[in-house]
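The values are calculated or read from the model by the stated rules, or taken from the named source; none is laboratory data. For clarity, every value in this text was computed on a predicted model and none was experimentally measured. Here Cβ is always computed from backbone atoms with ideal geometry, including for glycine, and neighbour counts include all displayed protein chains.
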Ligand SMILES: CC(C)(COP(=O)(O)OP(=O)(O)OC[C@H]1O[C@@H](n2cnc3c(N)ncnc32)[C@H](O)[C@@H]1OP(=O)(O)O)[C@@H](O)C(=O)NCCC(=O)NCCS
């Protein structure tokens with residue numbers, strides 16, 4: 001590790017055990033199901049790097065729990081004119097070092113969605129991710145995002161803000177906002193674990209509408225849906241996913257522009 005602000009010769013760094021303790025203090029317990037969005041550098045120096053954070057996430061929920069990470073691959077170019085080609089075994093994700101390393105863990109199962117895949121380990125797997133590639137929209141009721149919420153799961157934001165909270169797109173889909181999805185479906189190519197190439201006609205994410213997801217922080221805290229704390233130098237948010245979705249859907253039904261940034 002060479003980053004000058006991160007590496008700290010002579011200092012042991014944040015340990016996996018300290019991360020487990022931090023997650024526990026924020027309400028994660030044995031048996032919890034968590035969807036974790038992350039920034040490794042946000043912690044300051046972590047002894048053992050991304051692997052230690054993954055060990056901590058798995059230890060915090062234990063064998064009866066489930067850890068899921070976003071392994072997103074979508075780009076603004078995706079659409080009917082440029083259909084995405086997704087290979088579950090080899091398509092790299094752009095969601096950071098922790099999900100990238102998580103994908104290499106033995107037993108991890110990744111969903112087959114061509115733009116919004118997630119990967120998971122634990123008790124709810126593989127059922128949680130099955131059929132994601134057949135969901136007409138990326139984050140809808142049959143997607144892993146909603147299924148995790150239905151199971152009483154948490155969204156955990158490790159050193160990142162609400163802008164990384166993909167499950168807010170679930171709320172947007174349920175509320176039927178007009179800006180989240182492309183108007184025409186795309187014939188997406190998916191290469192599954194069996195190596196077979198299949199085509200799925202799906203409605204993809206429409207890029208280009210800036211959001212103001214951060215505005216929900218205060219209300220979620222006041223409503224008792226979210227707890228916020230620090231682990232190392234990272235600000236960490238732990239959010240009960242289903243109450244969050246339900247509350248945000250309510251807000252979007254009152255005002256479909258609630259999460260859209262002013263231009
Ligand atoms: C983009 C994003 C991943 C960048 O975060 P980051 O902390 O800079 O990068 P990563 O999490 O990939 O971690 C790698 C960085 O950690 C740092 N690092 C390396 N080893 C480390 C260690 N042992 N301890 C702490 N930090 C370390 C380095 O700065 C490294 O950057 P480098 O590869 O350029 O040297 C993050 O801001 C983000 O957005 N995460 C959420 C993504 C997401 O889930 N999006 C959902 C859809 S919107």
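Remarks
- In the stretch 86-110, the qualifying residues are those that are free of Cβ contacts under 8 Å to residues at least 40 places away in the same chain and touching a helix residue (DSSP H, G or I) at 6+ places or on another chain (Cβ under 8 Å), and the one that is farthest from the ligand (Cβ to nearest atom) is 109.
- Residues of the stretch 141-180 classified as within 16 Å of the ligand (Cβ to nearest atom), free of Cβ contacts under 8 Å to residues at least 60 places away in the same chain and buried (at least 18 other Cβ atoms within 10 Å of the Cβ), total: 4
- For the stretch 43-72, the set of residues classified as part of a loop (DSSP other than H, G, I, E, B), more than 13 Å from the ligand (Cβ to nearest atom) and touching a strand residue (DSSP E or B) at 6+ places or on another chain (Cβ under 7 Å) consists of 65 only.
- Some residue of the stretch 73-81 being surrounded by fewer than 23 Cβ atoms within 10 Å (Cβ to Cβ) and near the ligand (Cβ under 7 Å from one of its atoms): no
- Of all residues making up the stretch 176-214, the number that are farther than 24 Å from residue 91 by Cα and not in a loop (DSSP other than H, G, I, E, B): 3
- Output for the stretch 110-127, where each listed residue is farther than 23 Å from residue 186 by Cα and either in a loop (DSSP other than H, G, I, E, B) or out of contact with any strand residue (DSSP E or B) (no Cβ under 6 Å at 6 or more places or on another chain) (or both): 123, 124, 125, 126, 127
- Single match in 240, 215, 197, 211 (criterion: over 17 Å from residue 173 (Cβ atoms), in contact (Cβ under 8 Å) with a residue 40 or more places away in the chain and in contact with a strand residue (DSSP E or B) (Cβ under 7 Å, 6 or more places away or on another chain)): 240
- Residues of the stretch 1-42 satisfying the condition of being touching a strand residue (DSSP E or B) at 6+ places or on another chain (Cβ under 8 Å), away from the ligand (no atom under 12 Å from the Cβ) and either assigned to a loop (DSSP other than H, G, I, E, B) or modelled with pLDDT under 95 (or both): 26, 27, 28, 32
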